[in-house]
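J.: Before we start, here is the structure in question, set down as C-alpha coordinates.
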Amino acid sequence: MASQLHTISSPALKRKGMAIHDPATFKASTAPVLVVIPCLNEEEHLAGVIDQLLADADRIDLAIIVADGGSTDGSRAIARDYMARDRRVVLMENPKRIQSAGVNRAVERYGNDFEFIIRVDAHARYPSRFCERLLNVQARTRADSIVVSMHSVGRSCFQRAAAAAQNSILGNGGALHRNVAREGWVDHGHHALMTIRAFKAVGGYDDSFSHVEDVELDTRLRASGFAIFLTGEVEVTYYPRDTMAALIRQYRNVGCGRARNFLKHRKNAKVRHLILAGIAPALSLLLLAPLSFIFALPALSWALLCLGYGLLLGVRQRDPCAAAAGAAAIVMQVGWSVGFFEGLKAGLWRTHSTRQVDIRTAKTRTRDRITR
(Lines give C-alpha, C1' and ligand atoms only; values in the text may rest on other atoms or scores of the structure.)
Protein backbone atom coordinates (compact mmCIF):
# COMPACT_ATOMS: atom_id res chain seq x y z
CA MET A 1 0.00 0.00 0.00
CA ALA A 2 1.23 3.46 -0.82
CA SER A 3 2.97 5.35 1.94
CA GLN A 4 1.47 8.72 1.09
CA LEU A 5 -1.88 9.88 2.43
CA HIS A 6 -4.75 8.78 0.22
CA THR A 7 -8.53 8.62 0.28
CA ILE A 8 -10.88 5.93 -1.00
CA SER A 9 -14.34 7.15 -1.88
CA SER A 10 -17.39 5.82 -0.08
CA PRO A 11 -20.89 7.34 -0.17
CA ALA A 12 -21.53 6.26 3.41
CA LEU A 13 -18.35 7.90 4.68
CA LYS A 14 -18.84 11.03 2.61
CA ARG A 15 -22.09 11.55 4.47
CA LYS A 16 -20.15 11.19 7.72
CA GLY A 17 -17.33 13.44 6.54
CA MET A 18 -14.70 10.71 6.94
CA ALA A 19 -11.73 9.65 4.86
CA ILE A 20 -9.54 6.56 4.70
CA HIS A 21 -5.88 7.23 5.34
CA ASP A 22 -2.59 5.40 5.10
CA PRO A 23 -2.08 2.70 7.80
CA ALA A 24 1.05 4.45 9.06
CA THR A 25 -0.98 7.54 9.87
CA PHE A 26 -3.06 5.92 12.59
CA LYS A 27 -2.49 3.79 15.65
CA ALA A 28 -4.97 1.23 16.87
CA SER A 29 -7.69 2.33 19.25
CA THR A 30 -7.01 1.76 22.94
CA ALA A 31 -10.72 1.07 23.55
CA PRO A 32 -11.58 -2.30 25.16
CA VAL A 33 -12.40 -5.18 22.81
CA LEU A 34 -14.74 -8.11 23.39
CA VAL A 35 -13.55 -11.19 21.48
CA VAL A 36 -16.15 -13.95 21.10
CA ILE A 37 -15.32 -17.51 20.00
CA PRO A 38 -18.47 -19.50 19.21
CA CYS A 39 -17.46 -23.10 19.86
CA LEU A 40 -18.92 -26.57 19.44
CA ASN A 41 -16.55 -29.56 19.55
CA GLU A 42 -13.43 -27.70 18.41
CA GLU A 43 -10.75 -29.27 20.62
CA GLU A 44 -8.43 -29.64 17.63
CA HIS A 45 -8.23 -25.90 17.01
CA LEU A 46 -9.40 -24.06 20.15
CA ALA A 47 -6.13 -23.91 22.10
CA GLY A 48 -4.20 -22.51 19.14
CA VAL A 49 -6.81 -19.81 18.58
CA ILE A 50 -6.80 -18.74 22.24
CA ASP A 51 -2.99 -18.65 22.29
CA GLN A 52 -2.97 -16.28 19.31
CA LEU A 53 -5.54 -14.03 20.94
CA LEU A 54 -3.69 -13.90 24.24
CA ALA A 55 -0.60 -12.73 22.39
CA ASP A 56 -2.71 -9.78 21.23
CA ALA A 57 -4.03 -9.30 24.76
CA ASP A 58 -0.54 -8.42 25.91
CA ARG A 59 -0.69 -5.27 23.75
CA ILE A 60 -4.37 -4.29 23.72
CA ASP A 61 -7.25 -4.34 26.19
CA LEU A 62 -9.38 -7.36 25.36
CA ALA A 63 -11.44 -10.11 26.95
CA ILE A 64 -11.96 -13.53 25.35
CA ILE A 65 -15.34 -15.22 25.65
CA VAL A 66 -15.59 -18.87 24.60
CA ALA A 67 -19.31 -19.28 23.86
CA ASP A 68 -19.68 -23.04 24.07
CA GLY A 69 -22.77 -24.66 22.61
CA GLY A 70 -22.51 -27.90 24.57
CA SER A 71 -19.28 -29.48 23.35
CA THR A 72 -18.88 -33.18 24.08
CA ASP A 73 -15.16 -33.36 23.25
CA GLY A 74 -12.35 -31.66 25.16
CA SER A 75 -13.24 -28.09 24.16
CA ARG A 76 -14.80 -27.15 27.50
CA ALA A 77 -11.85 -28.57 29.46
CA ILE A 78 -9.46 -26.55 27.30
CA ALA A 79 -11.44 -23.35 27.89
CA ARG A 80 -11.60 -24.00 31.66
CA ASP A 81 -7.86 -24.56 31.78
CA TYR A 82 -7.18 -21.20 30.12
CA MET A 83 -9.79 -19.55 32.33
CA ALA A 84 -8.02 -20.82 35.45
CA ARG A 85 -4.68 -19.45 34.24
CA ASP A 86 -5.79 -16.13 32.74
CA ARG A 87 -8.63 -13.91 33.96
CA ARG A 88 -9.08 -12.51 30.44
CA VAL A 89 -10.56 -15.83 29.26
CA VAL A 90 -14.17 -16.70 30.16
CA LEU A 91 -16.15 -19.85 29.36
CA MET A 92 -19.80 -18.95 28.72
CA GLU A 93 -22.67 -21.37 28.14
CA ASN A 94 -24.55 -21.02 24.87
CA PRO A 95 -27.84 -22.92 25.39
CA LYS A 96 -29.03 -22.30 21.81
CA ARG A 97 -25.81 -23.92 20.52
CA ILE A 98 -25.52 -22.01 17.23
CA GLN A 99 -22.93 -19.30 16.53
CA SER A 100 -25.31 -16.38 16.11
CA ALA A 101 -26.92 -17.03 19.50
CA GLY A 102 -23.52 -17.38 21.17
CA VAL A 103 -22.32 -13.98 19.94
CA ASN A 104 -25.62 -12.33 20.88
CA ARG A 105 -25.48 -13.76 24.39
CA ALA A 106 -21.88 -12.60 24.89
CA VAL A 107 -22.71 -9.05 23.80
CA GLU A 108 -25.83 -9.03 25.98
CA ARG A 109 -23.90 -10.14 29.06
CA TYR A 110 -20.61 -8.30 28.62
CA GLY A 111 -21.02 -5.78 25.79
CA ASN A 112 -21.69 -2.71 27.92
CA ASP A 113 -18.04 -2.63 29.02
CA PHE A 114 -16.57 -2.70 25.51
CA GLU A 115 -16.47 -0.53 22.40
CA PHE A 116 -15.71 -3.22 19.81
CA ILE A 117 -16.58 -6.87 19.25
CA ILE A 118 -14.35 -9.23 17.30
CA ARG A 119 -15.83 -12.53 16.19
CA VAL A 120 -13.37 -15.41 15.96
CA ASP A 121 -14.37 -18.81 14.59
CA ALA A 122 -12.63 -21.73 16.29
CA HIS A 123 -12.47 -23.71 13.03
CA ALA A 124 -9.84 -21.40 11.55
CA ARG A 125 -6.34 -20.00 11.93
CA TYR A 126 -5.64 -16.31 12.39
CA PRO A 127 -2.56 -14.25 11.53
CA SER A 128 -0.34 -12.72 14.17
CA ARG A 129 -1.61 -9.49 15.73
CA PHE A 130 -5.03 -10.19 14.25
CA CYS A 131 -6.99 -8.01 16.68
CA GLU A 132 -4.42 -5.23 16.67
CA ARG A 133 -4.40 -5.03 12.89
CA LEU A 134 -8.19 -4.92 12.76
CA LEU A 135 -8.20 -2.05 15.22
CA ASN A 136 -5.67 -0.21 13.06
CA VAL A 137 -7.92 -0.60 10.02
CA GLN A 138 -10.91 0.65 11.98
CA ALA A 139 -8.93 3.64 13.25
CA ARG A 140 -8.07 4.79 9.73
CA THR A 141 -11.42 4.01 8.08
CA ARG A 142 -13.87 4.65 10.93
CA ALA A 143 -15.95 1.85 9.44
CA ASP A 144 -18.73 0.37 11.54
CA SER A 145 -17.72 -3.14 10.50
CA ILE A 146 -14.38 -4.51 9.31
CA VAL A 147 -14.60 -7.74 7.31
CA VAL A 148 -11.74 -9.90 6.04
CA SER A 149 -10.93 -12.34 3.27
CA MET A 150 -10.77 -16.09 3.82
CA HIS A 151 -8.41 -18.65 2.29
CA SER A 152 -9.08 -22.38 2.64
CA VAL A 153 -6.26 -24.80 3.45
CA GLY A 154 -6.56 -28.58 3.58
CA ARG A 155 -4.59 -31.14 5.55
CA SER A 156 -6.03 -34.44 4.31
CA CYS A 157 -6.37 -35.19 0.61
CA PHE A 158 -10.14 -34.64 0.75
CA GLN A 159 -9.68 -31.31 2.52
CA ARG A 160 -7.15 -30.19 -0.09
CA ALA A 161 -9.66 -30.95 -2.84
CA ALA A 162 -12.38 -29.02 -1.00
CA ALA A 163 -9.97 -26.14 -0.29
CA ALA A 164 -8.97 -25.90 -3.96
CA ALA A 165 -12.64 -25.69 -4.90
CA GLN A 166 -13.47 -23.13 -2.20
CA ASN A 167 -10.58 -20.89 -3.25
CA SER A 168 -11.74 -20.93 -6.89
CA ILE A 169 -14.79 -19.75 -8.78
CA LEU A 170 -16.11 -23.32 -8.48
CA GLY A 171 -16.65 -22.91 -4.77
CA ASN A 172 -17.00 -19.18 -4.19
CA GLY A 173 -18.50 -17.85 -7.41
CA GLY A 174 -16.15 -14.88 -7.39
CA ALA A 175 -17.15 -13.58 -3.94
CA LEU A 176 -14.76 -10.77 -3.00
CA HIS A 177 -13.99 -12.02 0.51
CA ARG A 178 -13.13 -15.52 -0.74
CA ASN A 179 -10.44 -14.21 -3.08
CA VAL A 180 -7.33 -12.06 -2.67
CA ALA A 181 -8.88 -9.02 -1.09
CA ARG A 182 -8.62 -5.58 -2.58
CA GLU A 183 -9.61 -3.00 -0.02
CA GLY A 184 -12.95 -1.37 -0.47
CA TRP A 185 -16.47 -0.83 0.74
CA VAL A 186 -18.64 -3.90 0.39
CA ASP A 187 -22.10 -5.25 1.15
CA HIS A 188 -20.76 -8.35 2.88
CA GLY A 189 -17.61 -10.14 3.99
CA HIS A 190 -16.30 -12.61 6.55
CA HIS A 191 -17.11 -11.05 9.93
CA ALA A 192 -14.23 -9.86 12.07
CA LEU A 193 -14.60 -6.52 13.92
CA MET A 194 -17.73 -4.48 14.56
CA THR A 195 -18.57 -1.59 16.82
CA ILE A 196 -20.82 -2.60 19.72
CA ARG A 197 -22.92 0.46 18.87
CA ALA A 198 -23.69 -0.77 15.34
CA PHE A 199 -24.25 -4.36 16.49
CA LYS A 200 -26.78 -3.30 19.11
CA ALA A 201 -28.42 -0.71 16.88
CA VAL A 202 -29.63 -3.38 14.45
CA GLY A 203 -30.42 -5.94 17.15
CA GLY A 204 -27.43 -8.24 16.66
CA TYR A 205 -27.66 -11.51 14.77
CA ASP A 206 -31.01 -13.06 13.95
CA ASP A 207 -30.47 -16.26 15.93
CA SER A 208 -33.17 -18.08 14.02
CA PHE A 209 -30.45 -18.35 11.34
CA SER A 210 -28.08 -21.25 11.98
CA HIS A 211 -26.15 -20.37 8.79
CA VAL A 212 -25.68 -17.21 6.71
CA GLU A 213 -26.41 -15.15 9.82
CA ASP A 214 -23.53 -12.86 8.83
CA VAL A 215 -25.10 -12.12 5.42
CA GLU A 216 -28.44 -11.39 7.08
CA LEU A 217 -26.86 -9.04 9.63
CA ASP A 218 -24.89 -7.22 6.94
CA THR A 219 -28.14 -6.65 5.04
CA ARG A 220 -29.60 -4.86 8.06
CA LEU A 221 -26.38 -2.95 8.74
CA ARG A 222 -26.33 -1.53 5.22
CA ALA A 223 -30.05 -0.74 5.33
CA SER A 224 -29.47 1.23 8.55
CA GLY A 225 -26.67 3.30 7.00
CA PHE A 226 -23.69 1.53 8.59
CA ALA A 227 -20.50 1.11 6.53
CA ILE A 228 -18.72 -2.23 5.95
CA PHE A 229 -15.06 -2.24 4.92
CA LEU A 230 -13.20 -5.22 3.44
CA THR A 231 -9.53 -5.00 4.40
CA GLY A 232 -6.70 -6.51 2.39
CA GLU A 233 -4.34 -6.45 5.37
CA VAL A 234 -5.77 -9.48 7.19
CA GLU A 235 -6.58 -12.93 5.81
CA VAL A 236 -8.12 -15.81 7.76
CA THR A 237 -7.12 -19.41 7.10
CA TYR A 238 -10.13 -21.75 7.05
CA TYR A 239 -10.10 -25.55 7.32
CA PRO A 240 -12.80 -27.25 5.21
CA ARG A 241 -14.96 -30.09 6.49
CA ASP A 242 -13.05 -33.35 6.37
CA THR A 243 -15.74 -35.73 5.05
CA MET A 244 -18.08 -35.64 2.07
CA ALA A 245 -21.13 -36.01 4.31
CA ALA A 246 -20.10 -33.07 6.49
CA LEU A 247 -19.35 -30.93 3.43
CA ILE A 248 -22.68 -31.52 1.72
CA ARG A 249 -24.51 -30.98 5.02
CA GLN A 250 -22.71 -27.66 5.52
CA TYR A 251 -23.55 -26.37 2.05
CA ARG A 252 -27.11 -27.59 2.30
CA ASN A 253 -27.50 -25.45 5.41
CA VAL A 254 -25.84 -22.50 3.66
CA GLY A 255 -28.22 -22.77 0.71
CA CYS A 256 -31.18 -22.94 3.06
CA GLY A 257 -29.93 -19.85 4.89
CA ARG A 258 -29.51 -17.95 1.62
CA ALA A 259 -33.12 -18.71 0.68
CA ARG A 260 -34.35 -17.56 4.08
CA ASN A 261 -32.37 -14.35 3.80
CA PHE A 262 -33.81 -13.68 0.35
CA LEU A 263 -37.36 -14.24 1.58
CA LYS A 264 -36.80 -12.03 4.61
CA HIS A 265 -35.25 -9.07 2.81
CA ARG A 266 -36.20 -9.64 -0.86
CA LYS A 267 -32.67 -8.77 -1.93
CA ASN A 268 -29.08 -10.04 -2.15
CA ALA A 269 -29.80 -12.75 -4.75
CA LYS A 270 -26.80 -12.51 -7.07
CA VAL A 271 -26.21 -14.16 -10.45
CA ARG A 272 -24.03 -16.87 -8.89
CA HIS A 273 -26.86 -17.76 -6.51
CA LEU A 274 -29.33 -18.10 -9.37
CA ILE A 275 -26.89 -20.36 -11.24
CA LEU A 276 -26.46 -22.56 -8.17
CA ALA A 277 -30.22 -22.71 -7.66
CA GLY A 278 -30.56 -24.13 -11.17
CA ILE A 279 -28.52 -27.24 -10.36
CA ALA A 280 -31.29 -29.10 -8.51
CA PRO A 281 -33.79 -28.65 -11.38
CA ALA A 282 -31.09 -29.76 -13.85
CA LEU A 283 -30.56 -32.94 -11.84
CA SER A 284 -34.32 -33.50 -11.71
CA LEU A 285 -34.40 -33.55 -15.50
CA LEU A 286 -32.28 -36.70 -15.38
CA LEU A 287 -35.48 -38.58 -14.55
CA LEU A 288 -36.64 -37.83 -18.09
CA ALA A 289 -33.35 -38.93 -19.68
CA PRO A 290 -34.80 -42.33 -20.72
CA LEU A 291 -37.23 -40.41 -22.94
CA SER A 292 -34.57 -38.26 -24.58
CA PHE A 293 -30.86 -37.69 -24.06
CA ILE A 294 -31.45 -33.94 -24.29
CA PHE A 295 -32.86 -33.96 -20.75
CA ALA A 296 -29.49 -35.17 -19.44
CA LEU A 297 -27.46 -32.45 -21.19
CA PRO A 298 -27.78 -29.67 -18.55
CA ALA A 299 -26.60 -31.87 -15.65
CA LEU A 300 -23.98 -33.65 -17.75
CA SER A 301 -22.52 -30.38 -19.05
CA TRP A 302 -22.37 -28.92 -15.56
CA ALA A 303 -20.67 -32.01 -14.09
CA LEU A 304 -18.09 -32.19 -16.90
CA LEU A 305 -17.34 -28.48 -16.51
CA CYS A 306 -16.72 -28.92 -12.77
CA LEU A 307 -14.55 -31.99 -13.21
CA GLY A 308 -12.54 -30.41 -16.02
CA TYR A 309 -11.92 -27.19 -14.10
CA GLY A 310 -10.91 -29.26 -11.08
CA LEU A 311 -8.30 -31.09 -13.14
CA LEU A 312 -6.98 -27.73 -14.33
CA LEU A 313 -6.65 -26.57 -10.70
CA GLY A 314 -4.74 -29.72 -9.85
CA VAL A 315 -2.29 -29.09 -12.69
CA ARG A 316 -1.84 -25.44 -11.72
CA GLN A 317 -1.21 -26.31 -8.08
CA ARG A 318 0.80 -29.45 -8.91
CA ASP A 319 -1.32 -31.33 -6.41
CA PRO A 320 -3.10 -34.58 -7.36
CA CYS A 321 -5.53 -34.09 -4.47
CA ALA A 322 -6.49 -30.62 -5.72
CA ALA A 323 -7.35 -32.26 -9.06
CA ALA A 324 -10.43 -33.66 -7.31
CA ALA A 325 -11.67 -30.11 -6.66
CA GLY A 326 -14.33 -30.62 -9.33
CA ALA A 327 -15.81 -33.56 -7.46
CA ALA A 328 -15.76 -31.56 -4.21
CA ALA A 329 -17.43 -28.65 -6.00
CA ILE A 330 -20.18 -30.94 -7.28
CA VAL A 331 -20.88 -32.04 -3.70
CA MET A 332 -20.94 -28.44 -2.43
CA GLN A 333 -23.10 -27.11 -5.25
CA VAL A 334 -25.64 -29.93 -5.07
CA GLY A 335 -25.93 -29.42 -1.31
CA TRP A 336 -26.37 -25.66 -1.75
CA SER A 337 -29.01 -26.00 -4.45
CA VAL A 338 -31.06 -28.60 -2.60
CA GLY A 339 -30.84 -26.54 0.59
CA PHE A 340 -31.93 -23.40 -1.25
CA PHE A 341 -35.17 -25.02 -2.43
CA GLU A 342 -35.77 -26.51 1.01
CA GLY A 343 -35.34 -23.03 2.47
CA LEU A 344 -37.75 -21.53 -0.07
CA LYS A 345 -40.33 -24.20 0.64
CA ALA A 346 -40.04 -23.82 4.42
CA GLY A 347 -40.11 -20.04 4.22
CA LEU A 348 -43.11 -19.88 1.91
CA TRP A 349 -44.99 -22.43 4.02
CA ARG A 350 -44.20 -20.44 7.14
CA THR A 351 -45.48 -17.26 5.48
CA HIS A 352 -48.64 -19.02 4.29
CA SER A 353 -49.29 -20.45 7.76
CA THR A 354 -48.80 -17.04 9.38
CA ARG A 355 -51.23 -15.43 6.94
CA GLN A 356 -53.82 -18.14 7.59
CA VAL A 357 -53.52 -17.55 11.34
CA ASP A 358 -53.85 -13.77 10.80
CA ILE A 359 -56.96 -14.30 8.65
CA ARG A 360 -58.57 -16.57 11.24
CA THR A 361 -57.72 -14.12 14.02
CA ALA A 362 -59.22 -11.21 12.05
CA LYS A 363 -62.40 -13.18 11.35
CA THR A 364 -62.74 -14.12 15.02
CA ARG A 365 -62.34 -10.51 16.13
CA THR A 366 -64.87 -9.34 13.57
CA ARG A 367 -67.39 -11.99 14.67
CA ASP A 368 -66.86 -11.06 18.31
CA ARG A 369 -67.55 -7.38 17.58
CA ILE A 370 -70.74 -8.25 15.70
CA THR A 371 -72.13 -10.48 18.47
CA ARG A 372 -71.47 -8.04 21.26
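The values are calculated or read from the model by the stated rules, or taken from the named source; none is laboratory data. It should be emphasised that the depicted structure is a prediction, and the values quoted were computed from it without experimental measurement. As a convention, Cβ positions derive from the backbone with ideal geometry for all residues, glycine included, and neighbour counts pool all protein chains shown.
J.: State whether one or more residues within the stretch 200-219 are under 19 Å from E108 (Cα atoms), over 14 Å from the mean Cα position of the chain (by Cα) and surrounded by 18 or more Cβ atoms within 10 Å (Cβ to Cβ).
T.: Yes, some residue in the stretch 200-219 is under 19 Å from E108 (Cα atoms), over 14 Å from the mean Cα position of the chain (by Cα) and surrounded by 18 or more Cβ atoms within 10 Å (Cβ to Cβ).
J.: Next question. Could you pull out the residue among R59, R129 that is under 29 Å from G154 (Cα atoms) and among the basic types (K, R)?
T.: R129 is the lone residue from the list that is under 29 Å from G154 (Cα atoms) and among the basic types (K, R).
J.: Tally the residues that are assigned to a helix (DSSP H, G or I) and in contact with an Asp or Glu (Cβ under 8 Å, 6 or more places away or on another chain), restricting the search to the stretch 261-279.
T.: Of the residues in the stretch 261-279, 3 are assigned to a helix (DSSP H, G or I) and in contact with an Asp or Glu (Cβ under 8 Å, 6 or more places away or on another chain).
J.: Got a number for residues in the stretch 142-155 being at pLDDT below 95 and either over 20 Å from the mean Cα position of the chain (by Cα) or not hydrophobic (A, V, I, L, M, F, W, C) (or both)?
T.: Qualifying residue count, the stretch 142-155: 5.
J.: One residue is enough: does the stretch 223-230 have a residue meeting the conditions of a type in the set (A, V, I, L, M, F, W, C), closer than 29 Å to S156 by Cα and touching a residue at least 12 places away in the same chain (Cβ under 8 Å)?
T.: no
J.: Let me ask another. When you look at A139, is it touching a residue at least 12 places away in the same chain (Cβ under 8 Å) and hydrophobic (A, V, I, L, M, F, W, C), yes or no? Even if it seems obvious, please write down each step before you answer.
T.: On the way: touching a residue at least 12 places away in the same chain (Cβ under 8 Å): yes; hydrophobic (A, V, I, L, M, F, W, C): yes.
Yes.
J.: Please work out if Y239 is closer than 20 Å to A328 by Cβ, aromatic (F, W, Y), in contact with a helix residue (DSSP H, G or I) (Cβ under 9 Å, 6 or more places away or on another chain) and modelled with pLDDT under 95.
T.: Yes: the conditions hold for Y239.
J.: Mind checking whether some residue in the stretch 13-25 is assigned to a loop (DSSP other than H, G, I, E, B), more than 27 Å from the chain's Cα centre (by Cα) and at pLDDT 85 or above?
T.: Taking every residue of the stretch 13-25 in turn, none turns out to be assigned to a loop (DSSP other than H, G, I, E, B), more than 27 Å from the chain's Cα centre (by Cα) and at pLDDT 85 or above.
J.: Right, here's the next one. Please state which of the following conditions E233 fails to meet, knowing it meets all the rest: (1) of a type outside the set (A, V, I, L, M); (2) within 22 Å of W185 (Cα to Cα); (3) under 17 Å from the mean Cα position of the chain (by Cα); (4) not in a loop (DSSP other than H, G, I, E, B).
T.: Every condition holds for E233 apart from (3).
J.: Counting only residues that are basic (K, R) and either modelled with pLDDT under 95 or under 18 Å from R129 (Cβ atoms) (or both), how many does the stretch 50-84 have?
T.: Count: 1.
J.: Continuing with the same structure: Before we move on, is D144 of a type in the set (D, E), closer than 29 Å to W185 by Cβ and touching a residue at least 60 places away in the same chain (Cβ under 8 Å)?
T.: Numbers: of a type in the set (D, E): yes; closer than 29 Å to W185 by Cβ: yes; touching a residue at least 60 places away in the same chain (Cβ under 8 Å): yes.
For D144, the condition - of a type in the set (D, E), closer than 29 Å to W185 by Cβ and touching a residue at least 60 places away in the same chain (Cβ under 8 Å) - is met.
J.: Let me ask something else. Taking A47, is it at pLDDT below 70 and part of a helix (DSSP H, G or I)?
T.: Criteria not met by A47.
J.: Determine whether Y110 is within 22 Å of A201 (Cα to Cα) and hydroxyl-bearing (S, T, Y).
T.: Against the criterion (within 22 Å of A201 (Cα to Cα) and hydroxyl-bearing (S, T, Y)), Y110 qualifies.
J.: If you go through the stretch 176-199, how many residues are over 19 Å from F116 (Cα atoms), over 14 Å from the mean Cα position of the chain (by Cα) and buried (at least 21 other Cβ atoms within 10 Å of the Cβ)?
T.: Count: 1.
J.: Kindly indicate whether A106 is among the small types (G, A, S), part of a helix (DSSP H, G or I), at pLDDT 95 or above and more than 26 Å from H151 (Cα to Cα).
T.: Criteria met by A106.
J.: Looking only at the stretch 162-175, decide whether some residue is crowded, with 20+ Cβ neighbours inside 10 Å, within 23 Å of R140 (Cα to Cα) and in contact with an Asp or Glu (Cβ under 8 Å, 6 or more places away or on another chain).
T.: no
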